[in-house]
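Before any comments, here is the structure.
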Amino acid sequence: MNSMKIKKIISKHETVLLVAILLIGGIIGIFNRAFLSLATAFEILRGSVPYALMGLGVLPVLLLGEVDISFVGIAAVTSLVSHTLLRSWGYAGGLSAYVGLAIPMGAVLAVIVGLISGYVKLPVFAVSLGFWLMLYGFNLFFISPEMRFDLPSGLVGFYGEFLFRIRDPVVGETGLHIGVIYVLLCAVLIWAFLRYTVYGRGFYIAGGNREVALRTGYNIITLLCVAMAINGSLAAFAGVLQCAYKRFFDPILFRGTELFVIAANVIGGVSITGGRGSVISVLLGVIFIQLVTRGLIYLGVAPTWQQLTVGIMLTVFFVITGLRGKVYHELIRKLAMGRKGQSQNEKTR
Amino acid sequence: MKKHGNGLVATVKYVSIGIGSERSFLLMGLLAVITTIFGITTPRFLTYPMFNVIMSQCAEIGLMGLGMSLAWMINGVDLTVNDVANLTALTAAMTIRQFAYLGSLSFPSLLLSYCAALLTGGFCGAINGFLIAYLNIPPILATLGGLTLYRGISIAVTGGKTIAGLPTEVALIGRGVLWKIPIPFVILLVVFSLIFVLLKYTTFGFKVKMVGINVKAAHFSGINYRKIIMIIYILSGFLAALAGIIIMGRTRSVAYEYGTQVYIVFALLITNLAGTSAGEHSAIAVFLATLILQILSTGFYLRFMTLPGGPFFNNFLWGLFLVVILILAQLLKRLREQKSS
């Protein structure tokens, strides 16, 4: 009984990924000693913050079996618009007003995407592609085509707000950035929402089998809108955090990184057809991608190879999943045959 | 509604069955309207040089849009069209440069480079098709992965820089003229006629239609649907490769980011304007949609060129346009279904 449990944990996707993360970290450490330090670990965690937030946001959407890419545009628009508004009002405080302004905006924008695709019965992806282009165009044309460096005084020190500090022989004084705590908080919230609320369970049901969800009494459009609201608000939060950390507000913030976020989710083990996936998978997937892309720099590979690396990882992952799915279906078919054809109509594809 | 009219109405209906559908007439009307609007509001719009520009530029988006619409027809989507085009252009450019370096840039070697580009396109399409048809990866995710991969290859190989200053010989395909018609447009016409015949008058076309309408039914009728899906994505890869060759010829340069902002949106727009849906595809409608989009694109460019940040405003408009067209196409489809039932 106990060994069964251990076997189950070992064969889990998340465990495999965790081992892979440690292994890759170790291998890079062998080639470059500077990599194996607390400072690097903190930097990887810090770099994962915006992607983890966006990944957590897009998780409910992926659970429903839809793909969204508009969240990066939402992050860019909400952060820049709230910055412009707050500066024009003479705001000098910290993060709170930014967050308070950006998150509702992000939620509304994302829900619009959800409503359109829900009521007109379009794939979220197609609508979000239009919004992606529209939002960046809006930002660049109507708000500001330039980066904005005029941070309010309350936000200036944000990049140095560490939970605790350490001294590193290479990079000097550094520490664990406070953003990591925000991610953990959001992760716990999303986890609890997905696990203990009726709507949270609904994402898994609707992603697994839409018909069952309908019969159970879920409204698919409402589910989609809730998922998009989470998606938009977390993306807005990620945008504000990233701008505050980088010390400038960027009209083309995150453009092109939507692929990395979705790749992180998929590699982390969120099912590509919907219905399966957890908060842990997202976090591990994001850290995995950050580790590999940053590790390559430590190995002396030019940053221009990052996208190719992610592309290869994603394709290899698709091949593995596809083959595994094939083996799985074969197994089911064999089992069904073993039961002397009594389950003729149970056969899945 | 009466099924058969008489006289003129019947004739028009008969002809319309022959060359396309109601959608094609709708698009022709739209084409006439926007051409008139731009002709009146924009000076120098209705001139030969301007038509030359439109004809030579619409080939790229037309070929990509055709690839996308073929994938759309079998309930798929090919998001890699633009990046396959850039990657194939890169392959061709590097082969041509190598030949030029060796001092043997001639007609056969140029042809060889183009063949290399086409092969690359077909190979990329084969990867997409394999992931989708044989490994059951959803098309959106599979082609998003492919997009990351192909763009990644382009970035890694070029180091993120533009390859410019290709020999003048490559411009023949991009800027050459055949009886006053730009060669890209000639290529576009030939390709569209071939696809039209392929889908309308061959068994293969019929099989594609079946797979698009109902995969399971097609499977039970003995159609190897996986092979059909695979071939469609390979075809889309070839079309993208052709677009890449034309882009390279027209700009005499290759950049990994050429068109990465709007070309996928354009391809989706063409597909939806043409009313492509599962099992339904009209090459004529796709062709007309391409013309409409190119005229709009050129017209918008002329109108907003002088505006500060004009290209950004164009992007905003394209995004909005895609959402509006998606909604309209879906509503039209639903209306037609209601009418027929």
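Treating only the Cα positions of region A:23-130 as identical point scatterers, give the base-10 log of I(q)/I(0) from the Debye formula at each q in 0.24 Å⁻¹.
Each listed q corresponds, in turn, to -1.24.
Springs between alpha-carbon pairs under 10 angstrom, Gaussian network model over chain A: which of A:GLY47, A:GLY268, A:GLY256 fluctuates most?
A:GLY256
Going down the list B:LYS227/B:LYS339; B:LYS209/B:LYS339; A:LYS121/B:LYS200; A:LYS12/B:LYS216; A:LYS121/B:LYS209, which pairs span over 24 Å between their C-alpha atoms?
Check vs 24 Å cut-off fails for B:LYS227/B:LYS339; A:LYS121/B:LYS200; A:LYS12/B:LYS216.
Pairs of Cα atoms under 8 Å, at least six residues apart: use those to get the relative contact order of chain A, whole percent.
Dividing the mean separation by the residue count of chain A yields 31 percent.
Counting only C-alpha contacts under 8 Å and six or more residues apart, can you give the relative contact order of region B:82-219 as a whole percent?
The value is 19 percent.
Given a 10 angstrom Cα cut-off, can you work out which residue in A:LEU151, A:LEU133, A:LEU253 is the most mobile in a GNM of chain A?
In the Gaussian network model the winner is A:LEU133.
Can you compute log10 of I(q)/I(0) for region B:153-206 with the Debye formula, treating each Cα as one identical point scatterer, at q = 0.28 Å⁻¹?
Normalising to I(0) and taking log10 leaves -0.99.
Please express the shape of chain A as an equivalent ellipsoid: the semi-axes are the square roots of 5 times the eigenvalues of the C-alpha gyration tensor, given largest first in whole angstrom.
36, 28, 17
Using a simple spin-label model with points 7 Å from Cα along the Cα→Cβ vector, what separation in nm is obtained for A:LEU185 and B:LEU31?
In this crude spin-label approximation the distance works out to 5.8 nm.
Looking only at other chains, what is the average number of their beta-carbon atoms within 10 angstrom of each beta-carbon in A:15-28?
Going residue by residue through A:15-28 and averaging, the value is 0.
Taking B:LYS207 as the anchor, which aspartates and glutamates have their alpha carbon closer than 16 Å to its alpha carbon, excluding any fewer than eight residues away along the same chain?
Of all the aspartates and glutamates, those that pass the test against B:LYS207 - Cα under 16 Å, at least 8 places apart if same chain - are B:GLU280.
In what sequence do A:ASP250, A:ASP150 fall when counting other Cβ within 10 Å, fewest first? Each step should come with its number before you reach the end.
Values: A:ASP250 20, A:ASP150 8.
Exposure proxy ranking, most exposed first: A:ASP150, A:ASP250.
Can you give the Rg and Dmax of chain B based on its C-alpha atoms, in angstrom?
Using the Cα atoms of chain B, the pair Rg, Dmax is 20.5, 70 Å.
Once both labels are modelled 7 Å past Cα along the beta-carbon direction, what's the B:LYS333-B:LYS227 spacing in nm?
It is 2.9 nm.
Report the percentage of all Cα-Cα pairs in region B:66-149 whose separation exceeds 21 Å, rounded to a whole percent.
Cα-Cα pairs of region B:66-149 separated by over 21 Å account for 37 percent.
Cα convex hull of region B:168-275: mean projected area in nm², to one decimal?
Seen from a random direction, the Cα hull of region B:168-275 projects 8.7 nm² on average.
Mind listing the Cα extents of the protein assembly as shown along all three principal axes, in Å, largest one first?
Sorted largest first, the three principal extents are 82, 70, 58 Å.
Sum -39500 (n - 2.57) across every DSSP H segment of at least 4 residues in the protein assembly as shown, then divide by the residue count to get the 222 nm mean residue ellipticity, nearest 500.
That calculation yields -24500 deg cm²/dmol at 222 nm.
Okay, which of region B:162-191 sit inside 16 Å, backbone N to the point 7 Å along the Cα-Cβ direction of B:TYR101?
B:163-167
Could you bin all the Cα-Cα distances of region A:189-304 into 5 Å bins starting at 0 and give me the percent of pairs in each, rounded to whole numbers?
Using 5 Å bins, I get a P(r) of 2, 10, 14, 20, 19, 14, 9, 6, 4, 2, 0, 0 for region A:189-304.
Relative to 2.2 N^0.38 Å, what does the C-alpha radius of gyration of region B:63-211 come to as a ratio? Two decimals please.
1.17
Summarise the partner chain shielding of B:310-317 as one whole number: the mean count of Cβ atoms from other chains within 10 Å of each residue's Cβ.
Values: counts 1, 3, 9, 5, 3, 10, 10, 4.
For this peptide, the per-residue mean of nearby foreign Cβ atoms is 6.
Would you mind getting the Kirkwood hydrodynamic radius of region B:248-300 from its Cα pairs, rounded to one decimal in Å?
12.4
DSSP loop chymotrypsin sites (Phe, Trp or Tyr not before Pro) in region A:55-124 with at most 15 other Cβ atoms within 10 Å of their Cβ, which ones?
Details: sites: A:PHE71, A:TRP89, A:TYR91, A:TYR98, A:TYR119; in loops: A:TRP89, A:TYR91.
Sites meeting the loop and neighbour criteria: A:TRP89.
Which value in nm describes the separation of the simple spin-label points at B:PHE206 and A:ILE27, placed 7 Å from the Cα toward the beta carbon?
5.3
Within chain B, what's the longest run with no trypsin sites (Lys or Arg not before Pro) in a DSSP loop and at most 13 other beta-carbon atoms within 10 Å? Give the range, please.
Values: sites that count: B:LYS2, B:LYS3, B:ARG44, B:LYS161, B:LYS180.
Looking at chain B, B:181-341 is the longest stretch - no exposed trypsin sites (Lys or Arg not before Pro) with at most 13 other Cβ atoms within 10 Å.
Coordinate-derived values only; no laboratory data. None of the values given here were measured: they were computed from a predicted structure. Note that we place each Cβ from the backbone using ideal geometry, even for glycine, and neighbour counts take in every protein chain shown.
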